[in-house]
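Input: a single structure, listed below in structure tokens.
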Amino acid sequence: MKTNLNSTGISRRDFVKNSATLAALAAAGLGPLRAAEQPSARKMIGIQVGSVSFVDEGVGKVLDILQERAAADTIFLTTFTYGRGLAGRQITGYPFPDHGAQESDAGSFHGGNYAIPHPEFYRNTVLKQTRAPDHGDLDIVAAVLPEAKKRGLRLSCSVEDVFRSDVPGVKEVAEVDLEGRKGGSLCPFHPDVRAFWTGLVTDLSKSYDIDGILFFNEHNGPLLNALGASHAQSIASSRVTCFCEHHQRAARAQGIDFDRARQGYRQLDQFVRAALEGERPSDGYFVEFWRLLVEWPEIIAWDRLFDQGKHEVLAEVRAAVKAVGKDQQVGFHIEHVNSFNPIFRATRSYQDLATRADFLKVVVYNNCGGERYASFIRNIGSTVFRDVPREELLRFNNHLLNYGDEAKLDQLAAAGLSPDYIARETQRALTGVQGKCKILPGIDIGIPTGKSSRQASPDDTYAATLAALKAGAHGVILSRKYSEMRLANLAAAGRAVREATKG
Ligand SMILES: [Zn+2]
């Protein structure tokens, strides 16, 4: 049983059981919970689903389950990705949930566009052949949309920037790393990449009577990649991107010196490699790192340039959807690293993001959050903060991030992060956007974790969902995909939704 306490000394169990706890937290000065007392408009209860679930279980049956158990009113249908985080059955090595096919599709999964691409929208890009072959001739949007509408459900298409290298055209538009090698991701400054994203979302918005687009891009800039400053990364400082001709052109337009940027990243690469070997600079790891940033400001400038490219794509995606003129809602997925990493946080202003989106899906996956946060602390504790004992680094970072009393490092994976973390991150986002866009926290339901890491009980899912809604969120998005969620956890989310939205 969990024993970690949140900042007011209230155990997770009590937090779950006692709704009066919420008032106590508000009295303790945690602003988010005061919002719960305000009358709120109808909450949007979204859930992410991949095509394979509808194929395996039947469109009507799945929609009935999502509506009845999870109290969902919006389907975020994975329509474009080559990744298995949002598409496909349960990933290899993890137990199947209690519904759907009980057999891995790892061998047959391909990915791509699960709708039917209309060629006229892809004239200005080399990425013309992205149709997913996984389900034969099936057009998943055309198959699910009428059934959803019949039930009063909204349907938005999820589009994710995850490709595979064998897609025709990808090699031509891929990023180039520090040593001139082609990377695996698409360069956000390549004109064909820009044309692909705007073409794709225009195609979906025009060709189908959908309610909106949710766009995912979890790629990080070169500084974070060099440091492995995300939970999901291995540290590969010589493979940072992007140094292609289109990036160079964008840099020139801003007066950023390409050669010095590349030299700076070579210096950073040497620093990281030495740090990983435990070769302590005479002034210490942090001072040496900071000195690099001072002497090579192009390191920051180049990282910023990546973010600029990524954000320009978001702006163009939104403009393209709005140009169709159907009043469709456009949202962006704000990745988990935004929770953990203060360096990343500094590059993401909610106030700015609010000007680009109708809603933000803010990832607050608390169950897998424990092992992910621990992984981030170990990564950053291997380089920049190698002089700091890791437990102290965790506590220090908790303060920087305004986390409450979360578990210690060696217990984080088994404990997960608390509902209090969800409330705090939800409130931070709400305060940041100042009412200019909606905040829909992404709730972790069954995201695979290691064998000794926390496996969320239905009560955990209930507490997580309730924490987001009581903190004043405009709704939630149950994540990552229905094909990894257990029905009891889905029902627990639904119970929280009904409780939080009644009367
Ligand atoms: Zn590039």
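The values are calculated or read from the model by the stated rules, or taken from the named source; none is laboratory data. Nothing here was measured: the structure is a model prediction, and the numbers come from that model. Glycine also receives a Cβ, built like all others from the backbone with ideal geometry; neighbour counts cover every protein chain displayed.
When you look at Trp290, is it exposed (fewer than 15 other Cβ atoms within 10 Å of the Cβ) and of a type in the set (A, V, I, L, M, F, W, C), yes or no?
Details: exposed (fewer than 15 other Cβ atoms within 10 Å of the Cβ): yes; of a type in the set (A, V, I, L, M, F, W, C): yes.
Answer is yes for this residue.
Which residue out of Arg266, Arg249, Arg262, Arg318 is part of a helix (DSSP H, G or I), under 30 Å from Met44 (Cα atoms) and either modelled with pLDDT of 95 or more or touching a strand residue (DSSP E or B) at 6+ places or on another chain (Cβ under 9 Å) (or both)? Show your work before the answer.
On the way: Arg266 fails: under 30 Å from Met44 (Cα atoms); Arg249 fails: under 30 Å from Met44 (Cα atoms); Arg262 fails: under 30 Å from Met44 (Cα atoms).
Of Arg266, Arg249, Arg262, Arg318, the one residue that is part of a helix (DSSP H, G or I), under 30 Å from Met44 (Cα atoms) and either modelled with pLDDT of 95 or more or touching a strand residue (DSSP E or B) at 6+ places or on another chain (Cβ under 9 Å) (or both) is Arg318.
Going by the conditions given, is Phe332 closer than 29 Å to Pro191 by Cα, in contact with a Leu (Cβ under 7 Å, 6 or more places away or on another chain) and in a helix (DSSP H, G or I)?
no
Kindly establish whether Ile343 is free of Cβ contacts under 8 Å to residues at least 40 places away in the same chain, part of a helix (DSSP H, G or I) and of a type outside the set (D, E, K, R).
Here the answer is no, as Ile343 does not meet what is asked.
Restricting attention to the range 451-492, which residues are farther than 22 Å from Phe76 by Cβ and assigned to a loop (DSSP other than H, G, I, E, B)?
Lys451, Ser452, Ser453, Arg454, Gln455, Ser457
If you go through the range 319-345 one residue at a time, how many are farther than 17 Å from Asn225 by Cβ and acidic (Asp, Glu)?
Qualifying residue count for the region: 1.
Looking at the range 185-223, which of the residues that are touching a Pro at 6+ places or on another chain (Cβ under 9 Å) and within 13 Å of the ligand (Cβ to nearest atom) is nearest to Phe271 (Cα to Cα)?
His219
In the range 373-415, which residue that is touching a Phe, Trp or Tyr at 6+ places or on another chain (Cβ under 8 Å), farther than 26 Å from Trp290 by Cβ and not acidic (Asp, Glu) is surrounded by the fewest Cβ atoms within 10 Å (Cβ to Cβ)?
Result: Gly404.
Only one residue in Val330, Val324, Val313 is within 19 Å of the chain's Cα centre (by Cα) and away from the ligand (no atom under 16 Å from the Cβ). Which one?
Val330
Would you check which residues across the range 372-408 are part of a helix (DSSP H, G or I) and over 23 Å from the mean Cα position of the chain (by Cα) and list them?
Arg390, Glu391, Glu392, Leu393, Arg395, Phe396
Between Val173, Val162, Val167, Val141, which is over 23 Å from Val52 (Cβ atoms), surrounded by 15 or more Cβ atoms within 10 Å (Cβ to Cβ) and either of a type in the set (Lys, Arg) or touching a residue at least 12 places away in the same chain (Cβ under 8 Å) (or both)? Before the answer, list the steps.
Working: Val162 fails: over 23 Å from Val52 (Cβ atoms); Val167 fails: over 23 Å from Val52 (Cβ atoms); Val141 fails: over 23 Å from Val52 (Cβ atoms).
Just one listed residue meets the conditions, Val173.
Checking Lys182 against (1) touching a residue at least 12 places away in the same chain (Cβ under 8 Å); (2) surrounded by 13 or more Cβ atoms within 10 Å (Cβ to Cβ); (3) within 15 Å of the ligand (Cβ to nearest atom); (4) farther than 30 Å from Ile45 by Cβ, which single condition isn't satisfied?
Checking Lys182 against (1) touching a residue at least 12 places away in the same chain (Cβ under 8 Å); (2) surrounded by 13 or more Cβ atoms within 10 Å (Cβ to Cβ); (3) within 15 Å of the ligand (Cβ to nearest atom); (4) farther than 30 Å from Ile45 by Cβ, the one that fails is (1).
Examine the range 424-431 for a residue that is under 25 Å from Val52 (Cα atoms) and either of a type in the set (Lys, Arg) or touching a residue at least 12 places away in the same chain (Cβ under 8 Å) (or both), and state whether such a residue exists.
Of all residues in the range 424-431, those under 25 Å from Val52 (Cα atoms) come to none.
The answer is no; no qualifying residue exists.
Restricting the search to the range 323-367, which residues are of a type in the set (Asp, Glu) and surrounded by fewer than 21 Cβ atoms within 10 Å (Cβ to Cβ)?
Of everything in the range 323-367, those that are of a type in the set (Asp, Glu) and surrounded by fewer than 21 Cβ atoms within 10 Å (Cβ to Cβ) turn out to be Asp327, Asp352, Asp358.
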